[in-house]
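Following: one structure in C-alpha cells, then a few remarks.
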Amino acid sequence: VRVGAFMGYRIIAELSGLGVARAGETVSIDDPRWGGYLANLTPDELTARFERGLPERMLGADFLARFGGITDAATSVIPERWYPVRAATAHPVREQARVERFAARLAELPRDPSAAAELGRLMYAAHESYGACGLGSGGTDRLVEMVAEAGPASGLFGAKITGGGSGGTVAVLGTADAEPLVREIAERYRAETGLTAELFADSGPGAEETGVLSVGL
C-alpha cells in the first residue's frame, strides 16, 4: 500500500507537469506545491484533477516501464506485484482532511454534543478507506460493524481500526455510560469467533475526557 501511494504521487506529478529527474529506478520530483506529500493535496484537487487518471490497480512492471520509479527511499516497486494505486493514493489525501475535521469537531464536543454524530461518521469513513487499501482485517471489520449496529441510540457513535492496521485495535467513540455495551460487544465477538477481544479503557486523559475506548484483538 505504501508503494501504491508513492506510485500514485508519481503519476500525479506527471499529470501536473512537475519536473521529474530519473536515475535508474530512483526518481526525484520538483514539487513546490505539495512538497512531496499526498496529504498536502485537498480532496477537491484529487477528485477534480487526478483521481480519474489513477489506475485502480497497476502491475509493477508496467509502472516502471512508463514512469521509471518512485521517490520513496525505503521501498521499491516489485515488477511482478499488483498495487492498489487509486485507493492507496486517495487514502492519505482524504484521511488528512478527515483528521483535520475530526480535531476541529472534537474541540467543539464539550459545548456541542451533536458533534459526536459527525465524529462517528468520520471514523467509519476512515475505517472503510483503510480497508479499501487492503489493510483491514475480518476481525476489526466485524467489531466495527457490531458498534455500528448498536448505533448512537445506544451511546456508541463510531469505530475504526487504529494502530498499525492489518488486525490489532479498534477505537470506539461512545459515552461513558456505553462502556458496558462495549464490553458486551467484546463478549459477543468472543462467542461468535472464539477469539478474545481485550478491552482497554481509561488509557489516558484523552480517553477519559472523550469516552474513547479501544478493543484489541
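The values are calculated or read from the model by the stated rules, or taken from the named source; none is laboratory data. Keep in mind the model is a prediction, meaning the values are calculated, not measured. Neighbour counts run over all protein chains shown; Cβ positions are idealised from the backbone, glycine included. To get the accessible areas, we keep the full protein, side chains included, count just its heavy atoms, and leave off ligands, DNA and RNA. Shrake-Rupley method; radii C 1.70, N 1.55, O 1.52, S 1.80 Å.
The figures follow:
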read-out: Solvent-accessible ranking of 175, 89, largest area first, probe 1.4 Å; value: 175, 89
read-out: Size of electric dipole in the chain: Cβ of Lys, Arg +1 and of Asp, Glu -1, about Cα centre, debye, nearest 20; value: 660 debye
read-out: Mean ellipticity per residue at 222 nm, deg cm²/dmol - from DSSP H runs of n ≥ 4 across the chain, formula -39500 (n - 2.57); value: -14500 deg cm²/dmol
read-out: Surrounding net charge for residue 20, when Lys and Arg each add one and Asp and Glu each subtract one, Cβ distance under 10 Å; value: -1
read-out: Span-like helix ranges in the chain, DSSP H, alpha carbon extent 15 angstrom or more, Kyte mean at least 0.5; value: 2-16
read-out: Exposure of residue 47 as accessible area (Å², to 10), given a probe of 1.4 Å and all protein chains; value: 80 Å²
read-out: Relative contact order (percent, whole number), segment 57-188, Cα cutoff 8 Å, 6+ residue spacing; value: 17 percent
read-out: Accessible carbon and sulfur surface of segment 48-110 relative to its total accessible area, %, 1.4 Å; value: 53 percent
read-out: Extension reserve of the residue 48-residue 187 stretch, reckoned as 0.36 nm per residue once the Cα distance is removed; value: 45.5 nm
read-out: Probe 1.4 Å, accessible area per residue of the chain, Å²; value: 51 Å²
read-out: Size of electric dipole in segment 80-180: Cβ of Lys, Arg +1 and of Asp, Glu -1, about Cα centre, debye, nearest 20; value: 320 debye
read-out: Separation in nanometres of the label points that stand 7 Å from Cα toward Cβ, at residue 103 and residue 62; value: 3.8 nm
read-out: Distribution of pairwise C-alpha distances over the chain, 5 Å bins, in %; value: 1, 7, 14, 16, 15, 12, 11, 9, 8, 5, 2, 0
read-out: Between segment 1-77 and segment 123-201, the Cα center-to-center distance that results, in Å; value: 33 Å
read-out: FRET efficiency for residue 177 and residue 132, using Cβ-Cβ distance with R0 set to 30 Å, rounded to 0.05; value: 0.35
read-out: Inter-label distance, nm, simple model (7 Å from Cα along the C-beta direction), residue 82/residue 21; value: 3.7 nm
